[in-house]
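Single-structure report; data block below.
The values are calculated or read from the model by the stated rules, or taken from the named source; none is laboratory data. This one's a predicted model, so the numbers in the text were calculated from it and none came from an experiment. Positions of Cβ are backbone-derived with ideal geometry, glycine not excepted, and every protein chain shown enters the neighbour counts. These area figures cover heavy atoms from the full protein model, side chains too; ligands, DNA and RNA do not enter into them. Shrake-Rupley method; radii C 1.70, N 1.55, O 1.52, S 1.80 Å.
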Amino acid sequence: RAGAQGTVVLVIDVDAGGSVTNVALEKSSGNKELDQAAMDASLKWRFKPAIANGQPAAGRIRVPVDFKM
């Protein structure tokens, strides 16, 4: 609503079931509200887990989140 824009880069830890276990801010958008909104939303996401030796495994990914008007 305030016209804020930017890109947030998150580092997300995912468990073997695809659930988010931890989120860290790697790069700020320059706007604390956008940064927090991206982190809050990411906690609700589900991912397809990595596969190691034919089995689902925990992993870490970097995700850019773009806020554009």
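Observations on the structure shown:
- In the range 1-23, the residues that are hydrophobic (A, V, I, L, M, F, W, C) and open to solvent by 40 Å² or more (accessible area, probe 1.4 Å): Ala2, Ala16
- Entry remark, the range 31-58: residues being open to solvent by 50 Å² or more (accessible area, probe 1.4 Å) and over 13 Å from Asp15 (Cα atoms) number 7 in total.
- In the set (1) open to solvent by 50 Å² or more (accessible area, probe 1.4 Å); (2) in contact with a Leu (Cβ under 9 Å, 6 or more places away or on another chain); (3) in a loop (DSSP other than H, G, I, E, B), the condition left unmet by Ile61 is number (3).
- Selection count, the range 27-69, where residues are farther than 22 Å from Gln5 by Cβ and not polar (S, T, N, Q): 16
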